[in-house]
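For reference, the structure is listed below as structure tokens.
The values are calculated or read from the model by the stated rules, or taken from the named source; none is laboratory data. Model, not experiment: these values are computed from the prediction. Here the Cβ is made from the backbone with ideal geometry for all residues, glycine too, and neighbour counts use every protein chain on show.
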Amino acid sequence: MPWGWWGLGSESESVAEEEMVATLTIHSAVGVIKPSSQVVLDEEFGVTMINRSFVSSIATVAYFFITPITGYWCDTNYGTDDETSRLSRRSNLVAWSLLLMFGSCGFFGLRYWIGIWAFYISVGLLGVALGLFKCSSSSLLADLVDRHRARKRNDSTVESEGDGAYSMVYALADVSDSLGLIVGPIAGLYLSQLYGPSVGVIAIGSLSLVLAPILMRIPHDPPSLFAGLLHFE
């Protein structure tokens, strides 16, 4: 049986758990890029503390502009507004945010060949990835709650699977967010200390590349690929 914390029903819980793993993954990458970037800007490029704050603000500016655009993409029907198309549109945006985060990690490593401009691109992609992820993942979770509530109205047998409360769903998503910001720096900075900053960042970022195809196939193959790990009898 599923964990039961989500209160969404088994099929929707599978999707929610994958979104939770995506949250952990993308914030793990953020958690290792942020401290590593400060070291790299100082030691490799000799950027002063004040200028480092301006470089970091690139991500904030990118986040500022991409978030309302993502909201528009999530809410636009494009001719269809059925349950599957909404899940597909929003899960694909989550998947694209993971790919952009991997791209951010990749450009972090390309600074050896491209120079500091690769670093600027890396920070910008990080902001775009976070903005895309925050909006689309929240919309996806809300869809899953609404989906379960609709099923409950039409099928009395679903009631035993939980109420599908928004509060618990978003609380668990926030937990995975925080967990990512704990696990990412610990694992990534450990690898960075052994093999260099690029190795730690790219290793953690590679998890986003692995997870993206799983999010893309959600509407077409609802059973969870993580079922063996995240569910137990």
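Could you list, in sequence order, all residues of region 86-144 that are of a type in the set (D, E, K, R) and under 16 Å from the mean Cα position of the chain (by Cα)? Before you say what the answer is, go through the steps one by one.
Taking region 86-144 and keeping what is of a type in the set (D, E, K, R), we get 86, 89-90, 111, 134, 143.
Listed by number, the residues that qualify are 89, 90, 134.
Listed here are the residues, each with its yes/no results for (1) hydrophobic (A, V, I, L, M, F, W, C); (2) at pLDDT 90 or above; (3) more than 30 Å from residue 203 (Cβ to Cβ); (4) not in a loop (DSSP other than H, G, I, E, B).
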site: 1; (1), (2), (3), (4): yes, no, yes, no
site: 8; (1), (2), (3), (4): yes, no, yes, no
site: 19; (1), (2), (3), (4): no, no, no, yes
site: 25; (1), (2), (3), (4): no, yes, no, yes
site: 30; (1), (2), (3), (4): yes, yes, no, yes
site: 63; (1), (2), (3), (4): no, yes, no, yes
site: 68; (1), (2), (3), (4): no, yes, yes, yes
site: 73; (1), (2), (3), (4): yes, no, yes, yes
